[in-house]
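Trainee: Got a structure for you, questions after.
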Amino acid sequence: MAENKHPFVEGASIDRPPMVCGLNYQFWKVKMRIFIESIDRSVWDAIVNGPYVPKLLINNVYVDKPWCDWTSEESKKAQYDSVAKNIITSSLNLDEFFRVSQCTSAKEMLDILEVTHEGMSDVKRARKHALIQEYELFRMK
């Protein structure tokens with residue numbers, strides 16, 4: 001029986017998030033954004049902006065509002081981060097899951113995955129320059 005060598009064998013589904021396999025993080029990141037936005041745009045906003053935490057103004061200083069005083073609207077906004085964390089962790093293999101399992105927000109999870117698979121901006125820039133130099137040396141040969 002022939003084995004499928006394609007890294008994205010799970011297929012498309014509107015009910016199941018795309019699985020990250022580590023081979024093409026950019027592809028997964030775009031698919032994941034589209035998947036999350038299709039569920040609720042506010043869930044993606046919770047990832048981009050971080051979790052919503054209601055605040056109170058006390059003596060001209062903003063402090064976190066006690067959970068028992070949250071309105072139903074504030075609870076709903078805060079829940080978006082939990083939904084995002086659930087979606088993200090549902091798309092990870094065991095190794096990737098343990099990499100982000102200690103994160104407290106979905107934004108932190110995606111930031112760690114991005115640094116792991118893409119590197120910091122300095123690393124990306126150095127990698128790009130190395131590839132350009134390698135290409136130019138190849139052309140000279």
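Trainee: Would you mention how many residues in the range 7-18 are surrounded by 17 or more Cβ atoms within 10 Å (Cβ to Cβ) and at pLDDT below 80? Spell out the reasoning first.
Mentor: Looking only at the range 7-18, we keep the residues that are surrounded by 17 or more Cβ atoms within 10 Å (Cβ to Cβ), and these are 17-18.
Checking the rest, the ones that are also at pLDDT below 80 come to 18.
Residues in the range 7-18 being surrounded by 17 or more Cβ atoms within 10 Å (Cβ to Cβ) and at pLDDT below 80: 1 in total.
Trainee: Here's something else I'd like to know. For the range 118-141, name all the residues that are of a type outside the set (A, V, I, L, M, F, W, C), modelled with pLDDT under 70 and closer than 27 Å to Val30 by Cβ.
Mentor: Keep residues of the range 118-141 that are of a type outside the set (A, V, I, L, M, F, W, C), which gives 118-119, 121-122, 124-125, 127-129, 133-136, 139, 141.
Okay, now just the ones that are also modelled with pLDDT under 70, so 121-122, 124-125, 139, 141.
The answer is Ser121, Asp122, Lys124, Arg125.
Trainee: With the requirement that a residue be of a type in the set (A, V, I, L, M) and surrounded by 15 or more Cβ atoms within 10 Å (Cβ to Cβ), what does the range 54-96 give you? First the steps, then the outcome.
Mentor: So in the range 54-96, the residues of a type in the set (A, V, I, L, M) come out as 56-58, 61, 63, 78, 83-84, 87-88, 92, 94.
If the condition is that a residue be of a type in the set (A, V, I, L, M) and surrounded by 15 or more Cβ atoms within 10 Å (Cβ to Cβ), then Ala78, Val83, Ala84, Ile87, Ile88, Leu92 are the ones that fit.
Trainee: Next question, about the same structure. Going through the range 88-113 one residue at a time, which ones are of a type in the set (Val, Ile, Thr) and either farther than 20 Å from Arg33 by Cβ or in contact with a Gly (Cβ under 9 Å, 6 or more places away or on another chain) (or both)?
Mentor: To start, the set of residues in the range 88-113 that are of a type in the set (Val, Ile, Thr) comprises 88-89, 100, 104, 112.
Matches in the range 88-113: Thr104 only.
Trainee: I'm trying to understand the selection: among the residues of the range 61-87, which are under 27 Å from Val100 (Cα atoms) and among the small types (Gly, Ala, Ser)?
Mentor: Ser75, Ala78, Ser82, Ala84
The values are calculated or read from the model by the stated rules, or taken from the named source; none is laboratory data. The structure displayed is predicted, hence computed values, not measured ones. Note that we place each Cβ from the backbone using ideal geometry, even for glycine, and neighbour counts take in every protein chain shown.
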